[in-house]
Each structure stands twice: as structure tokens, then as C-alpha cells.
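The values are calculated or read from the model by the stated rules, or taken from the named source; none is laboratory data. Worth saying up front: this structure is predicted, and the values here are computed from it rather than measured. All Cβ positions, even for glycine, are placed from backbone atoms using ideal geometry, and neighbour counts span all protein chains on display. What goes into the accessible areas is simple: the full protein's heavy atoms, side chains included, and nothing from ligands, DNA or RNA. Shrake-Rupley method; radii C 1.70, N 1.55, O 1.52, S 1.80 Å.
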Amino acid sequence: MNVLQVDPKRYDVWNAFPTYFLEQSPVYVNGSVTTPTAFIEVMGHGIVAEAEVLLEEMIGRPDDPYWLGEKQEGVQLYSLVDLLQLHFHHPLLQVGMYEEDEPYESIRTKWNDGYLVPSSKWTKASYEAHLFREKLLAPKSNVTTCASCHVDLAKRFGKEAYHLIEYHLTGERGIWVCPTCHKAIHTLD
């Protein structure tokens with residue numbers, strides 16, 4: 001097994017993973033894998049992260065503020081992982097695009113290929129040119145709220161939110177979006 005599963009009804013993965021990824025802090029994920037790196041699947045959504053497995057241990061639910069619901073008694077097997085890459089809208093690893101028992105190398109190939117071109121609209125060169133143009137034309141950010149999902153990054157990241165929010169061009173018009181929505185926009189268009 002090379003995929004760890006996270007239940008979004010029991011763990012707030014949408015807020016926890018970006019925080020731990022930016023802080024470069026390890027996080028406990030329920031389960032065990034047989035490979036030194038693992039892929040993390042959000043149940044009902046798809047594979048969202050690649051992580052290095054630091055250790056595995058039998059413990060009670062870890063002390064992590066992102067757990068949802070009442071703490072259940074008893075010990076379970078958890079893997080302490082360091083998030084290497086995070087992509088909530090991976091174009092090749094959404095639910096139904098891979099098999100439950102798919103080999104590690106196959107998932108790794110899909111993971112890597114998903115970064116080359118975000119959707120069929122783009123070639124690698126046109127995508128890189130578009131990203132360069134977005135950075136070149138981006139004014140200094142005066143907002144911290146994503147125009148797509150309406151989440152205010154300042155509530156979680158404070159002043160860093162001005163550096164995290166990204167400029168997205170659609171034609172000649174630009175909007176400010178969070179990094180997750182920016183990837184999704186490029187993946188879905």
C-alpha cells in the first residue's frame with residue numbers, strides 16, 4: 001500500500017495541509033505504507049499530496065487542532081509524514097482517475113505528469129509564458145480575499161497573505177485568487 005487516506009469529515013485537511021506545508025512541519029496521518037514516500041488521498045476527492053514517511057507508531061489520536069469531532073479512545077497506527085508537494089486539484093489524480101491498488105510508480109508518473117501541463121488547453125511553453133505574464137503584469141496586492149472561493153487568507157496567515165495571494169489573468173482582466181483556486185482555474189480551463 002502506498003496511499004494514506006484522510007477522511008475530510010474527521011480531519012480538516014483543507015486548512016491543515018496548507019498550514020503544515022508552509023510551516024514545513026510534519027503531520028500525523030492515520031495508516032501505514034510500505035514505501036519511503038507516500039501519496040495522501042482525501043476520501044471522495046482524490047490524491048492531494050506527496051509526503052516523506054518519517055516514522056510509524058501506534059498511538060492515540062495525535063494532539064492536532066485540525067481533528068474534527070470527539071476524540072476516540074484507543075490506539076491506532078499513524079504515520080508521521082513531511083509534506084513534499086501539495087496539489088488540491090491535481091488534473092490526473094482526482095477520484096476515479098486511479099485504481100485503489102495502483103502501483104506506486106504509476107501514481108508517481110501521474111503525479112509528475114500533472115505538473116507539466118495543467119490541462120489540455122495548454123502546451124508547456126504556453127503555460128509557462130502565461131504564468132510569466134501573470135507575474136509581470138501583477139500589481140502589488142492590496143487584497144487578501146480570494147475572488148473565487150471568497151476565503152480571506154489574512155485570517156489564517158496574517159500579513160503573509162499579501163505575499164500568498166496570486167494574480168490570475170483572464171484575457172486582459174486580472175483577479176486575485178488563493179494558490180489553490182489559481183491551480184484549479186488553470187486545471188479546469
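Screening the stretch 1-17 for residues that are among the polar types (S, T, N, Q) and farther than 18 Å from Glu105 by Cβ and picking the one that is most open to solvent (accessible area, probe 1.4 Å) gives Gln5. When Ala125, Ala147 are screened for being open to solvent by 40 Å² or more (accessible area, probe 1.4 Å), of a type in the set (Gly, Ala, Ser) and at pLDDT below 85, only Ala125 passes. Lys183 meets each of the listed conditions (1) closer than 24 Å to Asp12 by Cα; (2) charged (D, E, K, R); (3) modelled with pLDDT of 85 or more apart from (3). For the stretch 137-175, how many residues are among the polar types (S, T, N, Q) and farther than 18 Å from Trp14 by Cα? Count: 3.
Of all residues in the stretch 18-77, those being open to solvent by 60 Å² or more (accessible area, probe 1.4 Å), part of a strand (DSSP E or B) and closer than 25 Å to Ala161 by Cα number 0.
Can you tell me which residue among Leu153, Leu164, Leu136, Leu169 is modelled with pLDDT under 90 and touching a Lys or Arg at 6+ places or on another chain (Cβ under 8 Å)?
Of the residues listed, the single one that is modelled with pLDDT under 90 and touching a Lys or Arg at 6+ places or on another chain (Cβ under 8 Å) is Leu169.
Could you tell me whether Glu102 is part of a loop (DSSP other than H, G, I, E, B), under 16 Å from Thr37 (Cα atoms) and not basic (Lys, Arg)? In short, yes.
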